[in-house]
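Undergrad: Encoded as structure tokens, here's the structure I'll be asking about.
Quick note: the coordinates plus some simple rules give every number you see, no bench work behind them. Just so we're clear, the structure is a prediction, and the values are computed from it rather than from any experiment. Here Cβ is always computed from backbone atoms with ideal geometry, including for glycine, and neighbour counts include all displayed protein chains.
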Amino acid sequence: MAQNKLRVLILDDEPIVCKRLKPSLEKLGFEVDTFTRSFEAMQAVEKAAYDIIVTDLKMEGMDGMRFLQEAKKLYPETEVIVITGFATMETAKESFKKGVFDFIAKPFNLNEIQKVVQRAADKIRSAGQ
Amino acid sequence: MRILFAGDEQPYSAYALKEAARLAMNTWADVNLLGIQPGGGSAAPAPALNLALTSYRETFLNSWEGEGSPYAKTNWQYEWFPVTEGVLEERLVCRGSKKDFKVHLRLGNPAAGILAEAREEGCDLIVLGCSRGGACQWAGSPGVPQKVAADADCSVLLVKEEQPITRILACLDQTHVSQSSLEILNQMVTIHEAQLEVIGLNPEGGLKKEVYTRLIEVGDYYQARGIKVNTNIAEIADFESMLSGEAQQDLLALWMGKKSLLQRFFPRDWVGRFVAKSQASVLVMR
């Protein structure tokens, strides 16, 4: 799965978040797809694997916790980064129990998310060597 | 999210630290703990400040019961540090396992030091305590909280006293509402399980249409996210009496923008004026 250009999926029901994140990660050399609905993101994951998933938690329909669980079931090696506007200690702990790479509360600056995605990419690349 | 907690030796800083720790505990934020040594020149904090910073560090790191702290020190690594001008030393340091926790000391002007730390470290929220009453002091200097609240690039939480937050009064007096400000309010409501009331402020005898429209949009934003929100309209003239009376048990949140009605009515340092006047803790949102 780990190729030169890593594939990143962003899922957030707020379009402004996807709009901010996509160019900032593309600038770092990632191939980025964005989704505002979890079922559409799930369909994309079922079709092809993503190296890194950045997902919100609180969404209509399938929430982020379930989405990351399903995605991890299909591709356990995918690194998942959770971003949430409604952080609690319980959601943070539950996310890590489900094997997420990192947990980031909103608001965050682009530099912060770039660094975390880059760290996830480094982990994937070093595992592929 | 990165939180900057700025602490001096006064009791209000201990209250503010508790609030910062609570926020960090829920958001797993990166945290900077900052002390300011006024004046400058010395390479180490004065004994009282050193004692306070040590106590804040230990209180913060011990806030987590049992295992699972994101700040648990497990990552040993060599890093370069400047020792004198032009000389660096390689030292073995231990970093947090998941999230970053740093203690910094800055020398010089307190307000300038806090603002510089927030800017250079890319902080999303500054938390600091301050004394109640008109003087609104920090580290013995009047005006520090007001200056930080007025000039920071990010949101600022001023903690005036240890008290449970059951209601957040968010005041909207202009149309600029950033995504970050909506998100920081989300987090505060979630963490405190507080009621949210958004108040649209209007000049006496008039209703500013743009503010009213924005008020409805903000209300819809929170309702769509399952947050129960009450929206109200109040006249600016009543706002000051609300600050010193009704809002005592609440967190007062103010949206900052360039086209503030409050700024037009109270042009001289209106943020500082309200920060000092409010009996409750204040969140200035950007």
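Undergrad: Within the range B:87-114, list the residues whose amide N lies under 20 Å from a label point set 7 Å along Cα→Cβ of B:Q77.
TA: B:88-104
Undergrad: Would you work out which of B:Q223, B:W255, A:I104 lies farthest towards the positive end of the dipole of the protein assembly as shown, given +1 charges on the beta-carbon of Lys and Arg and -1 on that of Asp and Glu, about the Cα centre?
TA: A:I104
Undergrad: Where does the range A:7-128 land on Rg/Rh, using Cα atoms and the Kirkwood Rh?
TA: Radius of gyration relative to Kirkwood radius: 0.91.
Undergrad: So which lysines can B:K208 reach, going by Cα to Cα under 22 Å and dropping same-chain residues fewer than 8 places off?
TA: B:K258, B:K259
Undergrad: Averaged over peptide B:184-190, how many Cβ atoms belonging to another chain are found within 10 Å of each residue's Cβ?
TA: 4
Undergrad: From other protein chains only, count the Cβ atoms within 10 Å of every residue's Cβ in A:107-114, then give the mean.
TA: 5
Undergrad: If you don't mind, there's one more thing I want to ask. Helix B:47-61 sits at what angle to the longest principal axis of chain B, using alpha carbons and giving 0 to 90 degrees rounded to 10?
TA: The answer is roughly 70 degrees.
Undergrad: Turning to a different aspect of this structure: Dipole of the protein assembly as shown, Cα-centred, from +1 at each Lys and Arg C-beta and -1 at each Asp and Glu C-beta, to the nearest 20 debye?
TA: For this selection, approximately 400 debye.
Undergrad: Once both axes come from the Cα atoms, what is the angle between helix B:179-192 and the longest principal axis of chain B, in degrees from 0 to 90, rounded to 10?
TA: Approximately 80 degrees, to the nearest ten.
Undergrad: Order B:92-101, A:97-106 from most to least packed using the mean count of other Cβ atoms within 10 Å.
TA: Values: B:92-101: 15.3, A:97-106: 19.8.
Highest mean packing first, the order is A:97-106, B:92-101.
Undergrad: Another question, if that's okay. Send over the semi-axes of the protein assembly as shown's equivalent ellipsoid, whole angstrom and largest first, taken as the square roots of 5 times the C-alpha gyration tensor eigenvalues.
TA: Square roots of five times the eigenvalues give 36, 30, 18 Å.
Undergrad: Defining a contact as two alpha carbons under 8 Å apart and six or more residues distant in sequence, what relative contact order in percent does chain B show?
TA: 19
Undergrad: Amide H to amide H, which residues 5 or more places from B:D173 or on other chains are under 5 Å from it, using H placed in the peptide plane?
TA: B:L201, B:W255
Undergrad: Any idea how far the Cα center of the range A:100-126 sits from the one of the range A:1-62, in Å?
TA: 13
Undergrad: Per residue of A:87-93, count partner chain C-beta atoms within 10 Å of its C-beta, then hand back the mean as an integer.
TA: Going residue by residue through A:87-93 and averaging, the value is 6.
Undergrad: Considering only chain B, what is the antiparallel percent among its DSSP beta bridges, to the nearest 5?
TA: Around 25 percent of the beta bridges assigned by DSSP in chain B are antiparallel ones.
Undergrad: Sticking with this structure for a sec: Would you mind telling me the antiparallel percentage of the DSSP bridges in the protein assembly as shown, rounded to 5?
TA: If we restrict to bridges inside the protein assembly as shown, about 20 percent are antiparallel.
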